[in-house]
Amino acid sequence: MKKCMLVIMVIVMTFCISLVALAGSEKETSGTAKEAAPVASDEPCVDEWVFSNLMFMTGGWAPYGEMIVWGMNEAIDEINAAGGIRGVPVRAEVYDTGTHQPELAVTQMAKVLDTKPLLIMGPHGSTDAEACSQLAYDEGVYMLQSTSSYDVAKKFRPWANVWLTNTEQFAKTTGQKWIEREPDIKSVVMFVQPEASTWYEQSKHQSNGLKAVGVKVLEEIAVTEAVDFSPLAVRALSHKPDGFVMYCYPEAMVKIVLELQKRGVKENRRFLFFHGAGTPEFWALGKGYLDGAYQWSIFNSQAKSQKWQKLADKFREDFDGEPNWTVPTDYDSMYLIKKCFEDLKITGCRDKLKEERVKIQKYMNNVDSFEFATMNIKIVDGEYKAPAFLYTIKGDKLENPINCGFEWK
């Protein structure tokens, strides 16, 4: 009897060991770089690619965050409908960094790094990026900081890049093109938001560009989240400027314009908005009041590609407004990730994590040519090579783009 029981126990133990081995041979169900059983050397080790996105979803920049995440999710839906990345479905997890909340950004970055990511989308705000990018840099994790600051992102090369490459050149060139179109503008007042460091940095570059072509910058007026903007309009008009340059929240821009118009500014050609304008709130508040004004941007809203036409139409349907430059940023980032992973045959296997992170970094920093939604982009040593555009507002949308094309070194 004892002998019989011993045989039975051996059989049961053998069966259990077999079950454990079988379970271990299955792939992980989520994550970007998790342990899995041995597979063909270049086959994915994951059943799902999960990409973490550090995004400002609350506070003053939340409208931009909503549009960027919307674009990202549209790309994910399209990619999954077409079979995913390397046959594996994709999803994203968004980590809210708030608006100008560096401590929160550091906390969220630490959480993301605990997931052992292959790369990170974001951080997107310059304040956030300044505060937390060092953590990812030290870990050797590449950051697609699509809407952060050029000056911040370049501190963390080769582990970060940003869509707003060389904003100094963007801002200078577009401002000078405005003056070329409107040569009677010899002096301006600028409305700025100093706590928004990316925007403030760009306003300084544009100010320098205007001064270089003989335009006097009479005053930089700091804009707060005020209810009544009439004092700012009165202050600006006391200088008797020829033009007005806007670097503040979209709603504030429109409200200031309306106050200036009430006080006798009749020609909208005297207004230049920076690329942060053009949100649904901007168009809704300014409906019928902005025609003839100028806005500079870093994307081609008049692109004829089928991809952009489809994306823009879907945005208008969902937001009841015109898309601005932030809409395609992480949409395009998702497609760039797809191309990177497929070209490099990224597996997501934990034992290859460090090796694949390095491969991704080298790939992302130098892309010979990639068709983004609105234009063809080249990336050289982490810098996007693309033009900026100066638009005229007509019929409550951007029209008549002037290509302020340039290459920088």
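The values are calculated or read from the model by the stated rules, or taken from the named source; none is laboratory data. Only a predicted model underlies this, so the values are computations on that prediction, with no experimental measurement involved. Cβ placement follows ideal geometry from the backbone for every residue including glycine, while neighbour counts extend to all protein chains displayed. For accessibility, only protein heavy atoms count, side chains too; no ligands or nucleic acids. Shrake-Rupley method; radii C 1.70, N 1.55, O 1.52, S 1.80 Å.
Give me the percent of DSSP beta bridges within the chain that run antiparallel, rounded to the nearest 5. Present the calculation step by step, with values, prior to reporting the outcome.
On the way: 15 of 46 bridges.
Bridges in the chain are about 35 percent antiparallel.
Using only the alpha-carbon atoms, how far is helix 167-181 inclined from the longest principal axis of the chain? Give it as 0 to 90 degrees, nearest 10.
Result, in degrees: 30.
If you line up the Cα atoms of the chain on their principal axes, what length do they span on each, largest first, in Å?
If we take the Cα atoms of the chain, the spans are 107, 40, 39 Å.
Where q = 0.13, 0.18 Å⁻¹, what log10 of I(q)/I(0) comes from the Debye formula for segment 146-244, counting one point per Cα?
-0.53, -0.89
Please list log₁₀ I(q)/I(0) at q = 0.17 Å⁻¹ for segment 85-236, using the Debye equation with identical point scatterers on the alpha-carbon positions.
The Debye formula, applied to the Cα set alone, gives -0.98.
So what are the ³J(HN,Hα) numbers for segment 221-235, from phi and the Karplus equation (6.51, -1.76, 1.60; θ = phi - 60°), rounded to whole Hz, Gly and Pro as x?
9, 6, 9, 10, 7, 7, 8, 10, 9, 4, x, 5, 5, 4, 4
Farthest toward the dipole's positive end in segment 321-399, which of G321, L336, I377, given Cβ charges of +1 (Lys, Arg) and -1 (Asp, Glu) about the Cα centre?
Working it through, the farthest residue towards the positive pole turns out to be L336.
Normalised by the residues of the chain, what does the relative contact order come to in percent, with Cα pairs under 8 Å and at least six apart? Write down the numbers at each step before the final one.
Details: 785 pairs, mean separation 69.1, N = 409.
Contact order relative to length: 17 percent.
Counting every Cα pair in segment 175-223, what percent are over 18 Å apart?
Details: 321 of 1176 pairs.
Of all Cα-Cα distances in segment 175-223, 27 percent exceed 18 Å.
Restricting to DSSP H runs of at least four residues, report the calculated mean residue ellipticity at 222 nm for the chain, -39500 (n - 2.57) per run over all residues, nearest 500 deg cm²/dmol.
Numbers: 13 runs with 176 residues, N = 409.
Calculated at 222 nm, the ellipticity per residue is -14000 deg cm²/dmol.
Using Cα atoms only, what is the angle between the long axis of helix 353-365 and the major principal axis of the chain, expressed in degrees (0 to 90) to the nearest 10?
So the inclination is approximately 30 degrees.
Does anyone have the angle between helix 250-262 and the longest principal axis of the chain? Alpha-carbon axes, 0 to 90°, nearest 10?
Helix 250-262 and the main axis of the chain meet at about 10 degrees.
Across segment 96-101, in residue order, what do the Karplus-derived ³J(HN,Hα) couplings come to in whole Hz, using 6.51 cos²θ - 1.76 cosθ + 1.60 with θ = phi - 60° and x for Gly and Pro?
Rounded to whole hertz, the list is 6, 9, x, 10, 6, 10.
Could you tell me which trypsin sites (Lys or Arg not before Pro) in segment 166-201 are loop residues by DSSP with no more than 15 other beta carbons within 10 angstrom of their beta carbon?
Numbers: sites: K172, K177, R181, K186; in loops: K186.
When the trypsin sites (Lys or Arg not before Pro) of segment 166-201 are filtered for loop state and at most 15 Cβ neighbours within 10 Å, K186 remain.
Rounding to the nearest 20 debye, state how big the charge dipole of the chain is about its Cα centre with +1 on each Lys and Arg Cβ and -1 on each Asp and Glu Cβ.
Details: 46 positive and 55 negative charges, 131 e Å.
Using Cβ point charges on Lys, Arg, Asp and Glu, the chain gives about 640 debye.
Report the per residue volume, in Å³, of the convex hull enclosing the C-alpha atoms of segment 252-379.
Details: hull volume 17.9 nm³, N = 128.
Taking only Cα atoms, segment 252-379 has a hull volume of 140 Å³ per residue.
Largest first, what is the accessible-area ranking of H205, H275 with a 1.4 Å probe? Mind dumping the intermediate values first?
Values: H205 30, H275 5 Å².
Heavy-atom accessible area, descending, gives H205, H275.
Per the Kirkwood formula on distinct C-alpha pairs, the Rh of segment 184-316 is how many angstrom? Spell out each step's value before the answer.
Working: mean 1/r = 0.0642 Å⁻¹.
Computed over segment 184-316, the radius equals 15.6 Å.
Can you give the accessible area of E267, probe radius 1.4 Å, in Å² rounded to 10?
80
Taking segment 158-236, which GluC sites (Glu not before Pro) meet the DSSP loop condition and have no more than 15 other C-beta atoms within 10 Å? Please report the intermediate quantities before stating the final value.
Working: sites: E168, E180, E195, E201, E219, E220, E225; in loops: E195, E225.
In loop regions of segment 158-236 (DSSP not H, G, I, E or B), the sparsely surrounded GluC sites (Glu not before Pro) are E195, E225.
Within 10 Å of each candidate Cβ there may be at most 15 other Cβ atoms; applying that plus a DSSP loop requirement, which trypsin sites (Lys or Arg not before Pro) in segment 316-375 survive? The partial results should precede the final answer.
Working: sites: R316, K338, K339, K345, R350, K352, K354, R357, K359, K362; in loops: K345.
Answer in residue order: K345.
Report, to two decimal places, the Cα Rg of segment 256-316 normalised by 2.2 N^0.38 Å (N = number of residues).
Values: Rg = 13.9 Å, N = 61, 2.2 N^0.38 = 10.5 Å.
Relative to the rule-of-thumb radius for its length, segment 256-316 sits at 1.33.
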